[in-house]
1. If R₀ is 30 angstrom, what is the calculated FRET efficiency for the pair ASN330 and ARG83, using the beta carbon separation as r and rounding to 0.05?
2. Kindly express, to the nearest 10 degrees and within the range 0 to 90, the angle between helix 362-375's C-alpha long axis and the longest C-alpha principal axis of the chain.
3. For the chain, give the share of DSSP beta bridges that are antiparallel, in percent and rounded to the nearest 5; count only bridges with both residues there.
4. Considering the dipole of the stretch 524-567 built from charges on the beta carbon (Lys and Arg +1, Asp and Glu -1) around the Cα centre, which of PHE557, PHE535, ALA545 is farthest to its positive end?
5. Quick check: at a probe of 1.4 Å, how many percent of the accessible area of the chain sits on carbon and sulfur atoms?
6. Counting only C-alpha contacts under 8 Å and six or more residues apart, can you give the relative contact order of the stretch 378-508 as a whole percent?
7. Counting only heavy atoms of protein chains, what accessible area per residue, in Å², does the stretch 338-390 have with a probe of 1.4 Å?
8. Roughly how tilted is helix 2-17, in degrees to the nearest 10 and between 0 and 90, from the longest Cα axis of the chain?
Amino acid sequence: MKKIWLLSLAVAIAACSGKPAAPAQRSGSSDAPPVPIGELPMIDAAAVLAHTKVLASDEYEGRAPGTRGEELTVAYLVNEFKRMGLKPGNTDGTYLQKVPLVGITPDPATLVLRKGAQQRVLKWKDDVVAWTKHVAGNANLTNSELVFVGYGVVAPEFNWDDYKGVDVKGKTLLMLINDPPVPDPANSQQLDPKVFGGKAMTYYGRWTYKYEIGAQKGAAGVIIIHETGPAGYPFEVVQSKVTEQFDLVTPDKNMGRAAVEGWITLDQGKDLLKIAGQDFDALKKLAATRDFKPVPLGITASMTLHNKLRTVDSNNVIARLDGSDPVRKNEYVVYTAHWDHLGIGPAVDDDQIYNGAKDNAVGTAGLLEIARAFTRLASPPKRSILFLAVTAEEQGLLGSQYYAVRPIYPLASTLADVNMDGLNVHGRTRDLTLIGFGASDLDDFASAAAGEQGRVIRPDPETEKGFYYRSDHFNFAKQGVPALDPDEGVDFIGQPADYGKKVRDDYTEHRYHKPSDEVSADWDLSGAREDLQVFFAVGYRVAQADRFPDWKPGNEFKAKRDAMLGK
Ligand SMILES: [Zn+2]
C-alpha cells in the first residue's frame, strides 16, 4: 500500500512541477489549440484505488445484475456522482436507466436433418449447440429448408452480397464463421487488405453479426459451421453456451430474431454438405468470391427448444455535466465502463465471490475519477459530458446495447464514446494500446495526448481476433458513433522487456473471471493514472473541437454515421 502511495506521489510531483508541457498540437480540428495535457486537472490515482477497493469488496458480492451487489453498487455510484455535483443523466430526473433482462435456458434438444427418406440426428452439445432469443416457452424449426449462404455477409462498402436477392424467409441458413478471406490480387500469399480489413476481423466476421443478418433476412434458423482457426476459439467455448443466456427484452419479445440460433461442429458441417451432394472445401472457396450465390441443399432442419425463463431488472447508472456553450451543450461525449461482474459462483480455493477488481471495478473507478476531473476544470467544456456505468457486460454487452438502441440523448448529437474495461495495475508504461487502431479520428486524439506525455500508441497486435467487437464501446460503434477502445500498454518503465506479457498471462491464467480477481497489495495505479489522463484529454478535446470526429474511410461503421448525420 505504502509503495503505491509513494509512487503516485512522485508522479504527481513530476507532473505538476517538472518538465514543461509539450507544445500544444492541433489535434482534431479545434480552432484554438487544445489545453496541453499537463495543464488539465490531475486524475487522482489514490481515489481510483479507494473506489476499486469498495466496489471489489466481498460486501459487494461480485456485483451481479439483479442482486444485492447491484443495489450497493448502484447506490455507491449515484452517491459519488451527486457528491461531485453532476446532474442526473436520465431526463426523468434520476441517475438510472432501467435495463430489463431475461435469462433463457433451453433443455437439451436434437437437430434433425432430412433428405428424402434419409435422416440424420445431431446430438446436443456434442454436434450442435443451439438456443433461442425468443422470450417464449418454446421455439421450433419445422422442416425448414436448409440453404448454404457462404459467409452470410451483406457489405455495401465492399460491394459484397452473399444473398444476391434470394428470398430466405422461413429457411434455415448455414454459414461460415469470420470474414470472406479474399486473396490480395497483388500477392496471393496474403489477404487483400482493402476487402474486409485483410487479416483483421471486421464485424461481418463475428458470430453475433451472422445471427443479426439472418434475422434481418427473415430466416427461421441460423446455424454456423464452427472452425477453430477462423472462429478464434475451439468448439468447447461454444459448448459452454448450453447454459442460461441473457438478453434484453425488446417490445416484440425478440420474435424478430430467428427462432433457432446455433453452431454445429466442422465434421457435422462437412458431412451435411456431402449428404447434399456438395463439397465443403469447394463451397468455401467459392464463398470467398463475389460470384457466390446461396446454395439450396435439398435438406430440411427440425428442432424444438423448450426454455426456462427468468427476468432480472437491472440498471445503467448515468450522470451529466452540462456544457458551457449555449448551443453545443446539446451535443455529447460519453464515457462508459461496465460496473457489473459475475457475482457469487462456484467456489475456487474456498472463495465464492467473483470480485472483479480489474474486471471492471477499476474501470468504473476510473470513470468516477474522470468525472471528478471534469468538475475541476475552471469552466466546463463547450459540449456536455455523459458518464455511463453500464450493466450486464458479462452477459453479452447488454447494458450498453440497451443504451445504444434506446439512447437518452440522440446518437446523432453524440460525438464519441470512450470506454474503460480493465486498467493497468502494474505501474507506468511507455505505451498505450488501442484496439482497432485506425478505426476513427479518436485514435488521433489519443495519439496526440499520449505523445504529450512522451508515450506512444501501440496498435492492437491481434487484429484477427476481433477484440474491437468485444466490449461496451462496440454498441456505440455499431450504431455509428465513433468509439475508442483503449487497452493497457506492455512496455513497463523500470521492468524487463517481458514484464508486460508476464503480468498479462498471469492475470489471464490465474485471475480472469475467477474469485481471485481481487485488489492486491502490489497494485500500482501510476500507469492507470496516465492512461486515464489521456482518456480525459481525448473527451475534453472532442467536447471542445469544431468538428465531429469521424470514422476513417473504409470503416464498416462509417456508412451508418454518414446516414445519421445526413451526409
Ligand atoms: Zn469480464
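The values are calculated or read from the model by the stated rules, or taken from the named source; none is laboratory data. The structure presented is a predicted model; accordingly, all values stated were derived computationally and were not measured. Cβ coordinates were reconstructed from backbone atoms using ideal geometry, including for glycine residues, and neighbour counts include every protein chain displayed. Accessible surface is based on the protein model in full, side chains and every heavy atom, while ligands, DNA and RNA are left aside. Shrake-Rupley method; radii C 1.70, N 1.55, O 1.52, S 1.80 Å.
1. Numbers: r = 26 Å, r/R0 = 0.87.
The value I calculate is 0.70.
2. Result, in degrees: 50.
3. Details: 53 of 87 bridges.
So the antiparallel bridges amount to about 60 percent of the total.
4. PHE557
5. Working: 12220 of 22900 Å².
Carbon-and-sulfur percentage of accessible area, whole number: 53.
6. Across the stretch 378-508, relative contact order equals 33 percent.
7. Values: 1490 Å² over 53 residues.
Per-residue accessible area for the stretch 338-390 comes out at 28 Å².
8. 70 degrees
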